[in-house]
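Visitor: One structure, pasted below without further comment.
The values are calculated or read from the model by the stated rules, or taken from the named source; none is laboratory data. Note that the structure is a prediction, hence the values are computed from the model and not measured. No Cβ is skipped: glycine too gets one built from the backbone with ideal geometry, and neighbour counts run over all protein chains shown. Just the protein is used for accessible areas: all its heavy atoms, side chains included, with ligands, DNA and RNA removed. Shrake-Rupley method; radii C 1.70, N 1.55, O 1.52, S 1.80 Å.
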Amino acid sequence: MKHFILKRRYFEHGTYSTMHRADSSKVCRMVEREWRNNEPFKSCVPEGSYLIVPHNSPKYGDCYALVAATLGVTIDGPSLRTACLIHPANKPSELLGCLSPGLDFGFLDDEWCVTHSGDAFDVLMNELGGLPAQLTIIKD
């Protein structure tokens, strides 16, 4: 199983990260909502170890879901957080507790963002190959 590390930086306007392979090479950038004490639909997910699994979302289609029951994150519940997905989006304001990949960091509509999220999502989906993987989220 592949293992990835997401190194985060926290700001009032969002959480911005870089996703690395086990050999430390960069996969993509990531954007999430700011940390709000793990509040559903308003906060990024807590730091820790997750299983990321292929998921078919009614809204986003094929994507990945984070699962860590010990951190209160599952796909369907019962848990504190459900359906925390990895899907395309550029700005934190477009997210409800999910993570979105980008090729780089940028600025769009007066908001910090990731750029070319759709392209980065395709790269990430290809990298994952439809298989589960391990994701460890840490503070950078």
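Visitor: Looking at CYS44, CYS113, which is the one that is touching a residue at least 12 places away in the same chain (Cβ under 8 Å) and assigned to a loop (DSSP other than H, G, I, E, B)?
Guide: CYS44
Visitor: Have a look at VAL45, VAL67, VAL73 and point out the one that is touching a Leu at 6+ places or on another chain (Cβ under 7 Å), at pLDDT 95 or above and open to solvent by 40 Å² or more (accessible area, probe 1.4 Å).
Guide: Only one candidate passes the filter, namely VAL67.
Visitor: Considering the stretch 86-97 alone, what residues qualify as being under 10 Å from the mean Cα position of the chain (by Cα) and open to solvent by 10 Å² or more (accessible area, probe 1.4 Å)?
Guide: Hit for the stretch 86-97 is PRO88, nothing else.
Visitor: Of the residues that sit in the stretch 1-37 and are in a loop (DSSP other than H, G, I, E, B) and touching a strand residue (DSSP E or B) at 6+ places or on another chain (Cβ under 7 Å), which one is surrounded by the fewest Cβ atoms within 10 Å (Cβ to Cβ)?
Guide: Looking at residues that are in a loop (DSSP other than H, G, I, E, B) and touching a strand residue (DSSP E or B) at 6+ places or on another chain (Cβ under 7 Å), I get MET1.
Visitor: Let me ask something else. Here are HIS20, HIS87, HIS3: which of them is under 16 Å from ALA133 (Cα atoms) and either touching a residue at least 60 places away in the same chain (Cβ under 8 Å) or polar (S, T, N, Q) (or both)?
Guide: HIS3
Visitor: Then there is this: Kindly indicate whether any position in the stretch 48-64 is of a type outside the set (Val, Ile, Thr), open to solvent by less than 20 Å² (accessible area, probe 1.4 Å) and not in a strand (DSSP E or B).
Guide: No, that holds for no residue.
Visitor: I'd like the full set of residues that are within 20 Å of LYS42 (Cβ to Cβ) and either outside any strand (DSSP E or B) or open to solvent by less than 70 Å² (accessible area, probe 1.4 Å) (or both), limited to the stretch 118-140.
Guide: ILE137
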